[in-house]
Amino acid sequence: MIDKLLGPKHDAYVGFIRRQMIKDQIEARGVKDQRVLAAMDKVCRHCFVPEGLATRAYDDYPIPIERGQTVSQPYIVALMSELLALKGGEKVLEIGTGSGYQTAVLAELAAEVRTVEFFPDLADAARRRLEKLGYKNIFYMTGDGAAGWPEAGPYDAILVTCAPADIPPALPEQLKEGGRLVIPVGEEPQDLLLVKKTAAGLERASVCPVRFVPMLKAA
Ligand code: SAH
């Protein structure tokens, strides 16, 4: 981690790099939600990447982690978070814990986050990291996120950070009316969808092309 390598006196430097990331990569591309920008400023992205890549943590790219997975590019994390339109009191479901970076951003923005990860070792590492950082409003599950986490639903918002061929039906079922689902679907580059659940049914809007790892299925 940058502060481990450089010592606490360099916190100010890391803070500076993080604010540059927000200004040049995130605000410059149109993200305006002040709560999202504040969350991106608060969460130490370098705490979530492999040690050897800590100095690259604030660059404009995804970062590889274990098991061929990635931490999404900072702009995509901010964009997807903004699309959920969180105000602070919500219950959110995340599919694809990965490093736990996006989970931390969501935990800053909502009251409670439930997160599901396919690989037990990634889930354990993310949990340890997030607990060490002091997050108490995150709950963890290992398994196939296509099934959601029905026992804890319904949710105000659902965020998916791996790409299925199409929307798994269990996810909108676990959304409250008025709730939002943000999910990449299809072949790479996938289509990032914002799905709103209304009394009349699901409204699907396409946001932009994105590149995510595929949603895995148990053998
Ligand atoms: N949001 C993460 C990025 C995760 S990459 C971060 O900020 O680091 C996508 C993650 O989805 C990977 O960790 C992958 O293991 C997980 N994943 C893939 N298929 C899944 C499935 N069916 N259910 C739950 N998680 C899945």
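The values are calculated or read from the model by the stated rules, or taken from the named source; none is laboratory data. Quick caveat: nothing in here was measured; it's all calculated off a predicted structure. Positions of Cβ are backbone-derived with ideal geometry, glycine not excepted, and every protein chain shown enters the neighbour counts. The accessibility values were calculated without ligands, DNA or RNA, using every heavy atom of the protein model including side chains. Shrake-Rupley method; radii C 1.70, N 1.55, O 1.52, S 1.80 Å.
Here are the numbers for the structure shown:
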item	result
Over the range 64-210: Rg over Rh, Cα atoms, Kirkwood Rh	0.93
Per-residue ³J(HN,Hα) for the range 214-219, Karplus 6.51 cos²θ - 1.76 cosθ + 1.60, θ = phi - 60°, Hz, x for Gly and Pro	x, 6, 7, 10, 5, 5
Long pairs among 23/91; 132/176; 32/136; 32/91; 87/136; 23/196, criterion Cα-Cα beyond 25 Å	23/91; 132/176; 32/136; 23/196
Additional length obtainable on full extension of the chain from residue 34 to residue 13, 0.36 nm per residue less Cα span	5.3 nm
Extension gain from residue 121 to residue 218, taking 0.36 nm per residue of separation minus the Cα-Cα distance	33.4 nm
Solvent exposure of the range 64-210 as accessible area per residue, Å², 1.4 Å probe	41 Å²
Lone cysteines, the chain (no partner Cβ under 4.7 Å)	162, 208
Residue 24-residue 53 FRET efficiency (beta carbon distance; Förster radius 25 Å; 0.05 resolution)	0.80
Heavy-atom accessible surface of the range 166-218: percent carbon and sulfur, 1.4 Å	52 percent
Simple Cβ-charge dipole of the chain, Lys/Arg +1 and Asp/Glu -1, about Cα centre, in debye nearest 20	540 debye
Charge dipole magnitude, Cβ of K and R +1, D and E -1 - the range 137-219, Cα centre, debye nearest 20	140 debye
Selected from 85, 69, 148, residue furthest toward positive end of dipole (the chain; charges at beta carbon)	85
